[in-house]
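Reviewing the structure listed below.
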Amino acid sequence: SIKKTSVRTAFLNGTGDGRGLKAEYFDNSNFTGLLSTRIDREINNNYGTGAPNVSGMGADDFSIRWSGSVQAPVTGTYVFETTTDDGVRLWINNNLVIDKWIGQAATAYTASVALQAGQKYNIRMDYYEGSGGASARLRWLTPGASQQVVIPSIYLFDGGATSSGPVTYEAENATRNVGVNNDHAGYSGSGFAQGFWNTG
């Protein structure tokens, strides 16, 4: 089991070319008064009773918005988990999947989302701190894994996805002069046309 765990960890941390998410830091809880914009490699912060390392930001009444895209290393159902003190909202592929915009101690919430390997999906996480302790973390459980991990930066991109997922193209009456293949999911019939870039 140790070897299997090591292989899985190497796979999840050894591919992808992301560098993190765009992070916007605001000096209040309603996303006005922007103080700083930067790239955060991951969302895994425990500020205690202090504040993020942003000039001018107080220890209470602040908000952060992380945005960009997330890339799936394998196809399957992912379980995204937020743990925040206080409020959190999480969008995956432009769908609000976690909505807990409330004052609370550090609390975990999960949402399951089906993703296709290699695809990039828009992701956004809004967080606010009211008073007292402050923390924000985003993890996922990948298909086939046994435990949640903080999403590695290699799967996080500070720009949005160019597509929300696979695109379907259909032709009702057409003459085919390209090849047929079936090495990607999502088609109907016996396969899909391959080679649209060929002349003709």
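Structure data summary
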{"quantity": "Label zone at ALA59, where the point sits 7 Å out along the Cα-to-Cβ direction: the range 130-153 residues whose backbone N lies under 19 Å", "calculated": "130-136"}
{"quantity": "Proximal charge balance of GLY103 [Cβ under 12 Å; K/R count +1, D/E count -1]", "calculated": "-4"}
{"quantity": "HN-Hα J in Hz across the range 146-154 - Karplus 6.51, -1.76, 1.60, θ = phi - 60°, x for Gly and Pro", "calculated": "9, 8, 6, 9, 4, 5, x, 4, 5"}
{"quantity": "Fully extended contour minus Cα-Cα distance, from LEU96 to ALA193, at 0.36 nm per residue", "calculated": "31.5 nm"}
{"quantity": "Phi-based couplings in Hz for the range 111-122 (Karplus 6.51, -1.76, 1.60; Gly and Pro marked x)", "calculated": "8, 9, 9, 7, 10, 9, 4, x, 7, 9, 10, 4"}
{"quantity": "Cβ-derived FRET efficiency at R0 30 Å, SER146 paired with ALA111, nearest 0.05", "calculated": "0.95"}
{"quantity": "Built amide H within the under 5 Å cut-off of GLN194, gap 5+", "calculated": "GLY179, VAL180, ASN181"}
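No lab work stands behind these numbers, since they all come straight from the coordinates. It should be emphasised that the depicted structure is a prediction, and the values quoted were computed from it without experimental measurement. As a convention, Cβ positions derive from the backbone with ideal geometry for all residues, glycine included, and neighbour counts pool all protein chains shown.
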